[in-house]
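Input: a single structure, listed below in structure tokens.
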Amino acid sequence: MDEWYIRAQHRVGEAVLGEDLVSEKLLMQTEWYNDYLRPSEIHHVVGAEFEVEPGLIAAVAIHRPADAAAFEAKDRAKLALLLPHLTQALRLMRRMEANERGLRGGFHALASLSVGVLVVSAGNRVRSLNEAAERFAKTASAMRIHNGRLELNDPTLDERLRAAVRLASLAPFGHSLSAGETIVVPAGQGQTFALRVGPLPPDPSAVVEPLAAIFIGVPAMAPRSWSEHIRAVYNLSPAETRLLFALLNGRRLAEYASDAGVSIHTAQTQLKSVFAKTGCRRQSDLIRRMFADPMLRLA
Amino acid sequence: MRLSEVSLRRSRYKSLSTSLNIDPHQFSALLRDLYAATSDVTIRAALADRLAANFAARSCMLQVRDLHSSKVSAVSATKNVLAKWQAYAQHY
């Protein structure tokens, strides 16, 4: 067993020399010394055990090899001076790690949304983003993340985005003066996507840089597993799922029937079955339900 | 805290550090690194080397033990300690 550690447990909060705990002669007779300390060139020690928080004990040990001078009382006193700082630093580490874990958990949850989310600071510098935003930024032609900054190809829209982020992140009185702004970006071939820039809740700390949130809404951004998710929620057959997604993508029933190589009668029967399973009576209700229910946007 | 108490604490610290022959610049550089290590994992990894050097040593280990789970984790350790850390944590 670790003789120093075991014996120092009775002197928590106190800096000690190895000789305060166990004599050099006795130490050198232990299995622990011969198996672990000697091969690691550890012989002399000045150390301490101290409580960081209730239930959390830290130990610091500083060692010298056998051929070096032993630690002295002044080393013990110096470590005693350092102990309050070590305690405080370890407390801060624990808190920061807990915050980090919370942040990672939040972004893990955001990753399952089909809406792109970015947190940016002034100058559109991206501080964090979810998987959907990352995927979209890689494939979109009108938008990209370059050198850590979100950029729109159109200079006018890019300037508008910067101004919106600047305004949303400004919080001179503890809350943002901006209610947010939506920028519609042409994406080619008659398609568009929308960027919604909004303020984040104010941070009471003045040392944290101001941040804004950007939400990207693109119907085509629904993850591949979205269809599987909806299919599972409503217990749809594969054919019914294909029909539903054709309607969600703006196809008419007759067009779907033609594309799928089925008769219009079969398509109508499938649609009735979709209505029955989803509790909708009309196509417009069905489409509204699919896009309005936030749970269905999770995958 | 009143100003007189602050002055008293400062003078006590000054006299203590002087009597221990502590270089105040070295000590404050160590404190700077110690607090920087709270948010910077690179500085944290090198913290054991910094602590050892400050005590004219080459070996150091800083570890925490959670009494509820009995889990021991190394916060920072010098190479000689890290080399045998796994065996140490399992055996001792």
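Readers should treat all values here as calculations from the given coordinates under stated rules, not as data from a laboratory. None of these values were measured; they are calculated from a predicted model. A quick note on method: Cβ atoms are made from the backbone with ideal geometry, for glycine too, and the neighbour counts reach across all protein chains shown.
Kirkwood hydrodynamic radius for chain A: how many Å is it when counted over pairs of different Cα atoms?
25.2 Å
Assuming R0 = 41 Å, can you tell me the calculated FRET efficiency for the pair A:K277 and A:R104, based on Cβ-Cβ distance, to the nearest 0.05?
Between A:K277 and A:R104 the formula returns 0.65.
Once you list every other residue whose beta carbon is under 11 Å from the beta carbon of A:M96, what net charge do they have if Lys and Arg are +1 and Asp and Glu are -1?
With Lys, Arg at +1 and Asp, Glu at -1, the net is +2.
Across 10 Å bins from 0, what is the distribution of all Cα-Cα pair distances for region A:225-297, in whole percents?
With a bin width of 10 Å, the distribution comes to 20, 59, 20, 1.
Restricting to DSSP H runs of at least four residues, report the calculated mean residue ellipticity at 222 nm for chain A, -39500 (n - 2.57) per run over all residues, nearest 500 deg cm²/dmol.
Result for chain A, helices only: -14000 deg cm²/dmol.
Give me the net charge for the shell around B:D49: Cβ to Cβ below 12 angstrom, other residues only, Lys and Arg +1, Asp and Glu -1.
+3
Report P(r) for region A:66-168: all Cα-Cα distances, bin width 10 Å, range 0 to the bin holding the largest distance, values in whole percent.
13, 27, 21, 13, 11, 11, 5, 0
Computed FRET efficiency, Cβ-Cβ of A:R95 and A:R135, R0 35 Å: what is it to the nearest 0.05?
In this case the efficiency is close to 0.60.
Residue by residue through A:70-79, how many Cβ atoms from other chains fall within 10 Å of the Cβ on average?
Across the residues of A:70-79, the mean count of other-chain Cβ atoms within 10 Å is 3.
Which residue fluctuates most in the GNM of chain A (Cα springs below 10 Å): A:R11, A:R252, A:R144?
Sorting by GNM fluctuation, first place goes to A:R11.
Hey, rough spin-label estimate for B:A56 and A:H265, points 7 angstrom out along Cα→Cβ, what's it come to in nanometres?
If labels sit at B:A56 and A:H265, their model points lie 10.1 nm apart.
Under the √(5λ) rule applied to the eigenvalues of the Cα gyration tensor, what semi-axes describe the equivalent ellipsoid of region A:1-154? Give them in Å, descending.
53, 17, 15
Among A:A66, A:A232, A:A109, determine the one that fluctuates most according to a GNM of chain A built with springs between C-alpha atoms less than 10 Å apart.
A:A66
Along the Cα→Cβ direction, 7 angstrom out, place labels at B:D66 and A:M1. What is the inter-label distance in nm?
2.4 nm
What is the mean number of Cβ atoms from other protein chains located within 10 Å of the Cβ atom of each residue in peptide B:45-56, rounded to a whole number?
3
Simple spin-label model, 7 Å along Cα-to-Cβ: A:R11 to A:A68 in nm?
With each label placed 7 Å out from Cα toward Cβ, I get 1.9 nm.
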